[in-house]
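Read the figures in this text as sums done on the coordinates, not as results from a lab. Model, not experiment: these values are computed from the prediction. Every residue, glycine as well, gets a Cβ built from its backbone with ideal geometry; the counts of neighbours run over all protein chains shown.
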């Protein structure tokens with residue numbers, strides 16, 4: 001006879017890896033072309049002028065400038081306001 005009761009199977013023993021979604025730069029922050037602005041699932045925030053969108057809906061800067069988060073028609077947009085080239089250090 002067995003001296004130990006057989007162990008039951010666990011149903012809750014797993015966890016998914018973190019995805020690190022969200023806003024990566026603040027409103028008004030100076031960024032360079034190629035910098036990721038938002039990592040998101042679906043197009044929660046849309047891309048405006050100077051902002052590209054990746055195939056996983058990641059928003060990134062197409063040009064150097066300041067990030068501006070604006071609301072148009074009830075949707076948030078990330079826009080790059082270009083800076084004067086003479087003021088860049």
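Tabulated data
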read-out	value
Max mean-square fluctuation residue, GNM over the chain, Cα-Cα springs under 10 Å, options 27, 15, 56	15
Contact order normalised by residue count of the chain, Cα under 8 Å, 6+ apart, percent	24
Modelled FRET efficiency - R0 35 Å, residue 53 with residue 4, Cβ distances, 0.05 increments	0.05
For region 29-87, convex hull volume per residue from C-alpha positions, Å³	69
Gaussian network model of the chain, Cα within-10 Å springs - most flexible of 74, 28, 48	74
Gain upon complete extension [residue 29, residue 15; 0.36 nm per residue less C-alpha separation]	1.6 nm
